[in-house]
Each structure stands twice: as structure tokens, then as C-alpha cells.
Amino acid sequence: MATAAKSVVDTCREAKDAAHLLARISTQAKDACLRDLADRLEGSVDALLEANSADVDAGRAGGLNEALIDRLTLTEARIAEMAKGVREIADLADPVGEVVEGWTLENGLEVAKKRVPIGVVAVVYEARPNVTVDAAALCLKSGNAAVLRGSSSAEGSNAFLAGLIGEALAAAELPAASVSLLSGGGHEQLAELATAEGLVDLIIPKDERSGSATE
């Protein structure tokens, strides 16, 4: 998994290259990567909780309110739910190539409308480390590259999760830039991400007030 010690534009450009490869990856390869990620989550509970505890302590010291602290906090049960969610995504039918509509023209030519990957999907979210895994898994399943921009309050947790995702990608021989995590930076970084024309195909801001993804 790529992390943004490089510029946002370079990160997005590498994600775009990865997206071209992901669009052609087999269902079996994607599902194997996701199941491996779920196993890695379950095998890293203690280390992940330690990284998350440091984020929570820093958040409290920095004055985060209790609602955000709760969203930030991971537990064994929440990690188990994360792993379960990844396996459920792996078990879903592959949307890539699904025929959603078809018809035959008067000249006998058959026409079909199929689902194809979007390309590079950027997800911007606050506080919840589980979104790092959820967004990465959903993008991989649908053959899209993901550029993730999490909260600075969850930087340690997200970095740890990014490492697990990177290990699963490497084991599956998928491009490291299939999932990239942007860390640090402020509004300028977001502006750069939002204006990466031709490199980012969709941006999804996560609304923490409702807990739902909105465009």
C-alpha cells in the first residue's frame, strides 16, 4: 500500500496506473487478497489496539469530544467486525462485468450494458479507523484504486491498517498503489486532491454526523 510521503498528484498518478491493472484482475485474486487482509486483522489485534490507544490518548489530550473519541476507539469486538466485514465483501458477487441491461437492434446486433470500474476513488473521512479498511475493501472488490484521506487524530491507527493492507496487496501480487493513504497535510492537501483533474474519478466525503457516505 502506498503512503503519501510523495505529493498528492504523484500519489493519484500512481493510483491511476494501478487502476488500469485492477480493472483486469480476476475475481479470485481480489477475493484472496481480501480474505488474507481479514486474517491479518485478526492476527494483529494487540498491536493494532496499542497503536489505536496512542491515538485515543493524544485525542483526549488534544481536547477531542467524547463522541469523536468513541468513533476513534477500536476494541477487540470492533476489529472482529472489521474482519467480518472484509470477508462479507469478498463473498459478494463481483460487480465488474455484470450485465445490467441488454437488447437486440433491428439489424440483429446484440447490445449489452456492463458494469465497469470507475478508476480512482478518493475517500475523505474523520476519526473512524475502520473506514480505512471498509473503503479499501470495497474499492478493491469493485476493481477501483483507492486514495484515502483519514483524520490526523487517527494517524497511528490508519498507518498500522495501511501496513496490513499493503502486506495483503503484496502477497496477492497486486500493485502497491491499489490503495494509498494520504497522511498529514491540511486544507491545501484536500484542495489538491479535489483538483487532481484526470487522476481522481470520484471523491466521497464521509459525513461523520450521520455516519453515512455522501457525495
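The values are calculated or read from the model by the stated rules, or taken from the named source; none is laboratory data. This structure is a prediction, so every number in the text was calculated from the model and none was measured. Note that each Cβ is placed from the backbone with ideal geometry, even for glycine, and that neighbours are counted across all protein chains shown. These accessible areas exclude ligands, DNA and RNA; they are computed on the full protein's heavy atoms, side chains included. Shrake-Rupley method; radii C 1.70, N 1.55, O 1.52, S 1.80 Å.
In the condition set (1) farther than 22 Å from residue 160 by Cβ; (2) surrounded by fewer than 15 Cβ atoms within 10 Å (Cβ to Cβ), residue 94 is compliant with all but (2).
Taking region 52-63, which residues are open to solvent by less than 50 Å² (accessible area, probe 1.4 Å) and not acidic (Asp, Glu)? If the condition is that a residue be open to solvent by less than 50 Å² (accessible area, probe 1.4 Å) and not acidic (Asp, Glu), then 52, 56, 59 are the ones that fit.
Looking across 21, 105, 49, one residue alone is of a type outside the set (Asp, Glu) and surrounded by 15 or more Cβ atoms within 10 Å (Cβ to Cβ). It is 49. Got a sec? Which of 100, 111 is assigned to a strand (DSSP E or B) and more than 25 Å from residue 202 (Cβ to Cβ)? From the options 100, 111, the qualifying one is 111. For region 120-140, a residue qualifies if it is open to solvent by 10 Å² or more (accessible area, probe 1.4 Å) and not hydrophobic (A, V, I, L, M, F, W, C), and the qualifying residues are 126, 128, 130, 134.
Among the residues of region 143-184, those identified as crowded, with 21+ Cβ neighbours inside 10 Å and either without any contact (Cβ under 8 Å) to a residue 40 or more places away in the chain or of a type in the set (Ser, Thr, Tyr) (or both) are 148, 150, 151, 153, 157, 158, 178, 180. Residues of region 121-144 that are touching a Lys or Arg at 6+ places or on another chain (Cβ under 7 Å), closer than 17 Å to residue 95 by Cα and of a type in the set (D, E, K, R): 141 alone.
Matching residues to (1) under 19 Å from residue 134 (Cβ atoms); (2) assigned to a loop (DSSP other than H, G, I, E, B); (3) out of contact with any Gly (no Cβ under 9 Å at 6 or more places or on another chain):
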residue: 21; (1), (2), (3): no, no, yes
residue: 25; (1), (2), (3): no, yes, no
residue: 35; (1), (2), (3): yes, no, yes
residue: 38; (1), (2), (3): yes, no, no
residue: 46; (1), (2), (3): no, no, yes
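Examine region 97-110 for a residue that is under 23 Å from residue 32 (Cα atoms) and touching a residue at least 12 places away in the same chain (Cβ under 8 Å), and state whether such a residue exists.
yes
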